[in-house]
Amino acid sequence: MSIITTTNINLYYGDKQAIKDINMDIEKNEITALIGPSGCGKSTFLRILNRMNDTITNCKITGEVIFDNINIYDSKIDPMLIRKKIGMVFQKPNPFPLSIYDNIAYAPKYHGKKKGELDEIVENSLMAAALWDEVKDRLNKSALSLSGGQQQRLCIARTIALNPEVILMDEATSALDPISTYKIEDLLNELKKTYTVVIVTHNMQQASRIADKTAFFLYGDLIEYDLTSNIFTNPKNKETADYVSGYFG
Amino acid sequence: MDKNIYERKIRPGIIAARALIYSVTTIVIALVVIIIVYLIKKGLPYINWEFLSKAPSRLNETYGIAPMIINTLYIVFITLIISIPLGIGTALYLAEYARPGKIISIFRYSIEILAGIPSIVYGLFGLAFFVNTLKLGSSSGSMIAGSLTCALIVLPTMIRTTEEALLQVDSTYREAAFSLGASKFYIIRTILLPCALPGIVVAMILSIGRIVSESAALLYTAGVDYIMPTNAVKHVTESGASLTVQLYLYATEGSSPDWVPYAMAAILMILVFLINLTANIIASIFQKKVSAKS
Amino acid sequence: MKVGLKEFLFGPVWDSANEPPKYGILAFILASFGSSFLTVLFAVPISILVAVAIGQLLPSAVGTVLRSIISLLAGIPSVIYGFMGLVFVVPFVQRVFNLSSGLTMVSAVIVLIIMTLPTIISVSETSINSVDKSYLEAAYSLGVRKEYALFTIIIPAAKSGIMAAVQLGIGRAIGETMAVIMVAGNIPQMPSMLKPVRFLTTAIVTEMSYATEQTRGVLIGIGLVLFVFIFIINSVFRFLIKKAGMIHG
């Protein structure tokens, strides 16, 4: 069953078209990987899915993104409420300069959770992000005192705290060491039971290790989108084959 | 599913925050515009050649600001003559010669503290030292005593901005010249100073703005006379009011018709705007040059 | 006759013309501190709101125009502020509080607030604008509106820069002379908002010209007191800013 469907999505920066007519179904409770050389539009496409491109001036988007039976680009829709359901984790860990506890509690508090519920939300989110055991004794310490890998898991926990349906990850492990990366990959396999995960990665091994489906982007086009095993072992398209075999990129 | 749960709703808290931010901003901007427009509108009609070129006369009850303009120019000019060599020299020493250490960092901190000292304290010092102790010029203040006092006021800022301008010069130029066997002084003269010149010029123009605006420090060091000077050289030792000081006297003593302080305020304001505009233009030209280079 | 330090700093009465003269500057100290404190108390919140509007919320072209309008205020000589205070503020205060004269401490504070605004706005704007942009991006991705994120994350993160702005504001307010002498009434008595007051700076100006040898010594003492106060304020803020800077790395 698909949770997000895009139809004829185009994106322009001024006159330049960065995303060309993309139709794609993202399956529920799966990990979908977006791969491609840098500048191919994979991150831009990811940011289309929760309207993060809205903050960029001079950026025009046409087409539809259907989520929860609505078009999230409908003029009546509040992107803020879409982002509550479709969360995002960034390349560089960006915890707020607050305590660990306040980082997690920040968005639930804003979205109207009562004080009494917050303790539980913080604990559950940190558990879900496999960070609880490491930080449970120092929840009031600054989040900036954590290591890079811990900070990134904190950001995942912060997203989980809103109980979203989809988690978008924009090269979320590229700034981390291999052990932290492995921990997060492990975590994603766990998370997909509850959430749908879409990752952008330049690391093809990572895509082949954890993704159920993989989409290959080139120059703003979606070249091929299939089961990960097909993309890596039996691609239909020559460009895909060249890319996954390390021919360019 | 229900479409309404995603519909745009802006909470009262956010609306209140926006209302507060924009109303406060509007009030502040309106205030600035009102102050400026009001002053210029009330003062501008009275500004004419006679007002600019004559001295005030109690007898004829005519008003003119020529002596004050001359006094202000004297003070600006003498202050710059004193402070530019001292300021650039000190900045050069700090940027190029001084070895980092405790004494230098104390010296830098003192400059920072001196920059924050109210000008009235400098005025008091100038009165006690330049006027009463050294007896420079007239006992009620003189152009030279006022200028020395102003030099003390502008020096800390001038040193700091000049040093910054020197430090911004690409260090590879310096190293390249050194590797060619050029002497330190030669490098300073041919490379450092020319490269830092726009920054230094901006610092100087801002100092001019500061001197033109100064009043508290000049009241008792430069004096309050408004007679047209007769001897250009002797005037250095004579006392005289700057535009700001005379504006203060007219505004508080009520010894003039209402329009006089307005006209003076308008002139002063236009003058200061022009000075700052010049500094901004030079700074932005310089910035463009730098960004074009890199 | 010598003037004791205690009697000088804590003496409530200043009467330099009397025989024997009284040289207590407590009233001046309180007036200077009180007015500087009130000035930043009002000027800082106003400045932060304006800084947020021009640097964060308004379109950048509008922000640029407003910024240059405000910077016009920065260069205006203090006598012009004093003169405008005399023309606008003093009659206004007189009418609003139904006083016989508007030459009061509150008029001085109003003039000081207007004078310190451009500096405090510009320094706080610079520090708010230089806060890590990824904090805002994280807030967006959590469905949090910019206004909320600004007040809960961005402005607190700009703390050290805002403190530097407060320091500059206090320095300017405590050292201002001509603008306040024109609107504050200049009577040596214990400070009260709706009464004429004399400050440390204006005490120096008032007595400088016709002071006796002894009074002149006392005036230099006042100058020293100002110097020491500014030294202490700068050192305290230097320490605070260093400390605030360390927290955020």
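Examine segment B:17-33 for a residue that is surrounded by 15 or more Cβ atoms within 10 Å (Cβ to Cβ), more than 30 Å from B:LYS184 (Cβ to Cβ) and touching a residue at least 60 places away in the same chain (Cβ under 8 Å), and state whether such a residue exists. No: segment B:17-33 contains no residue that is surrounded by 15 or more Cβ atoms within 10 Å (Cβ to Cβ), more than 30 Å from B:LYS184 (Cβ to Cβ) and touching a residue at least 60 places away in the same chain (Cβ under 8 Å).
Taken as a whole, the structure leaves B:ARG99 outside the set of residues that are modelled with pLDDT under 95, basic (Lys, Arg) and in a helix (DSSP H, G or I). Of the listed requirements (1) over 28 Å from A:ASP133 (Cα atoms); (2) surrounded by fewer than 24 Cβ atoms within 10 Å (Cβ to Cβ); (3) within 11 Å of another protein chain (Cβ to nearest Cβ), A:ASN50 misses just one: (2). Scanning segment A:197-234 for residues that are touching a residue at least 12 places away in the same chain (Cβ under 8 Å), part of a helix (DSSP H, G or I) and of a type outside the set (Gly, Ala, Ser) returns A:MET204, A:GLN206, A:ARG209, A:ILE210, A:THR228, A:ILE231, A:PHE232.
A Cβ distance below 6 Å, combined with a sequence gap of six or more or placement on separate chains, defines the contacts here; from segment C:41-59, residues that are at negative phi reach residues that are buried (at least 22 other Cβ atoms within 10 Å of the Cβ) and among the hydroxyl-bearing types (Ser, Thr, Tyr) in the pairs C:ALA43/C:THR116; C:SER47/C:SER124; C:ILE48/C:SER124; C:VAL50/B:THR25; C:ALA51/C:SER124; C:ALA53/B:THR25. Selection of segment C:149-179 for residues being touching a Ser or Thr at 6+ places or on another chain (Cβ under 8 Å), part of a helix (DSSP H, G or I), farther than 16 Å from C:LEU41 by Cβ and more than 10 Å from chain B (Cβ to nearest Cβ) yields C:SER160, C:GLY161, C:ALA164.
Using the structure shown, decide if C:THR116 is of a type in the set (Ser, Thr, Tyr) and touching a Lys or Arg at 6+ places or on another chain (Cβ under 7 Å). Yes. Output the number of the condition that A:MET88 fails; it satisfies all remaining conditions of (1) within 22 Å of the chain's Cα centre (by Cα); (2) crowded, with 18+ Cβ neighbours inside 10 Å; (3) over 18 Å from A:LEU188 (Cβ atoms). Result: A:MET88 fails condition (3) only. Among the residues of segment C:174-200, those identified as surrounded by fewer than 24 Cβ atoms within 10 Å (Cβ to Cβ) and within 15 Å of C:SER101 (Cβ to Cβ) are C:GLY185, C:ASN186, C:ILE187, C:GLN189, C:SER192, C:MET193, C:LEU194, C:LYS195, C:PRO196. Can you find a residue that is under 26 Å from A:ILE82 (Cα atoms) and either buried (at least 22 other Cβ atoms within 10 Å of the Cβ) or among the charged types (D, E, K, R) (or both) anywhere in segment C:155-173? No; the residues of segment C:155-173 include none that is under 26 Å from A:ILE82 (Cα atoms) and either buried (at least 22 other Cβ atoms within 10 Å of the Cβ) or among the charged types (D, E, K, R) (or both).
In the set (1) farther than 25 Å from A:VAL244 by Cβ; (2) within 14 Å of chain C (Cβ to nearest Cβ); (3) within 13 Å of the chain's Cα centre (by Cα), A:TYR195 fails one condition alone, (2). In the set B:LEU92, B:LEU73, B:LEU80, only one residue is assigned to a helix (DSSP H, G or I), surrounded by fewer than 16 Cβ atoms within 10 Å (Cβ to Cβ), more than 11 Å from chain C (Cβ to nearest Cβ) and not β-branched (Val, Ile, Thr); that residue is B:LEU73.
With respect to the conditions (1) more than 14 Å from chain C (Cβ to nearest Cβ); (2) assigned to a helix (DSSP H, G or I); (3) more than 22 Å from B:LEU206 (Cβ to Cβ); (4) touching a residue at least 12 places away in the same chain (Cβ under 8 Å), B:VAL131 falls short on a single one, namely (1).
Each row is one residue, and each column tells you yes or no for (1) free of Cβ contacts under 8 Å to residues at least 40 places away in the same chain; (2) closer than 29 Å to A:ASN189 by Cβ; (3) buried (at least 20 other Cβ atoms within 10 Å of the Cβ); (4) in contact with a Pro (Cβ under 9 Å, 6 or more places away or on another chain).
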{"position": "A:GLY41", "(1), (2), (3), (4)": "no, yes, yes, no"}
{"position": "A:LEU46", "(1), (2), (3), (4)": "no, yes, yes, no"}
{"position": "A:ASP68", "(1), (2), (3), (4)": "no, yes, no, no"}
{"position": "A:TYR101", "(1), (2), (3), (4)": "yes, yes, no, no"}
{"position": "A:TYR106", "(1), (2), (3), (4)": "no, yes, yes, no"}
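Residue-wise test of (1) assigned by TED's automatic domain parsing to the domain that holds B:TYR74; (2) at pLDDT below 90; (3) under 26 Å from B:ALA91 (Cβ atoms).
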site	(1), (2), (3)
B:MET204	yes, no, yes
B:GLU214	yes, no, yes
B:HIS235	yes, no, no
B:GLY240	yes, no, no
B:TYR248	yes, no, no
B:GLU253	yes, yes, no
B:SER256	yes, yes, no
B:ALA265	yes, no, no
B:LEU271	yes, no, no
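What residue, among those in segment B:236-286 that are surrounded by fewer than 16 Cβ atoms within 10 Å (Cβ to Cβ) and either of a type in the set (S, T, N, Q) or part of a loop (DSSP other than H, G, I, E, B) (or both), is farthest from the other protein chains (Cβ to nearest Cβ)? Here the answer is B:THR237.
Every residue, every condition in (1) more than 30 Å from A:TYR110 (Cβ to Cβ); (2) within 9 Å of another protein chain (Cβ to nearest Cβ), yes or no:
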{"site": "B:PRO12", "(1), (2)": "no, no"}
{"site": "B:VAL24", "(1), (2)": "no, yes"}
{"site": "B:ILE27", "(1), (2)": "no, yes"}
{"site": "B:ILE40", "(1), (2)": "yes, no"}
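Could you say whether any residue in segment A:161-169 is part of a helix (DSSP H, G or I), out of contact with any Pro (no Cβ under 9 Å at 6 or more places or on another chain) and either more than 24 Å from A:ASP212 (Cβ to Cβ) or within 12 Å of chain C (Cβ to nearest Cβ) (or both)? Scanning segment A:161-169 turns up no residue that is part of a helix (DSSP H, G or I), out of contact with any Pro (no Cβ under 9 Å at 6 or more places or on another chain) and either more than 24 Å from A:ASP212 (Cβ to Cβ) or within 12 Å of chain C (Cβ to nearest Cβ) (or both).
No other residue among A:GLY63, A:GLY36 is small (Gly, Ala, Ser), touching a residue at least 60 places away in the same chain (Cβ under 8 Å) and either at positive phi or in contact with a His (Cβ under 8 Å, 6 or more places away or on another chain) (or both) apart from A:GLY36.
Tell me yes or no: at least one residue of segment B:219-235 is under 19 Å from C:ALA74 (Cβ atoms) and buried (at least 18 other Cβ atoms within 10 Å of the Cβ). Checking segment B:219-235: not a single residue is under 19 Å from C:ALA74 (Cβ atoms) and buried (at least 18 other Cβ atoms within 10 Å of the Cβ). Within segment B:222-245, being within 18 Å of B:CYS150 (Cβ to Cβ) and more than 18 Å from the chain's Cα centre (by Cα) holds for B:GLY223, B:VAL224, B:ASP225, B:HIS235, B:VAL236, B:THR237, B:GLU238, B:SER239, B:GLY240.
Any chance segment B:57-65 includes a residue that's outside any helix (DSSP H, G or I), under 21 Å from B:ILE275 (Cβ atoms) and not polar (S, T, N, Q)? Yes, that holds for at least one residue.
Out of everything in segment C:71-81 that is closer than 19 Å to B:GLN246 by Cα and either modelled with pLDDT under 90 or at the interface with chain B (Cβ under 7 Å from one of its Cβ atoms) (or both), what residue ends up being surrounded by the fewest Cβ atoms within 10 Å (Cβ to Cβ)? The selected residue is C:GLY75.
The values are calculated or read from the model by the stated rules, or taken from the named source; none is laboratory data. All of these numbers come straight from a predicted model, not from anything done at the bench. FYI the Cβ positions are ideal-geometry reconstructions off the backbone, even for glycines, and counts take in every protein chain you see.
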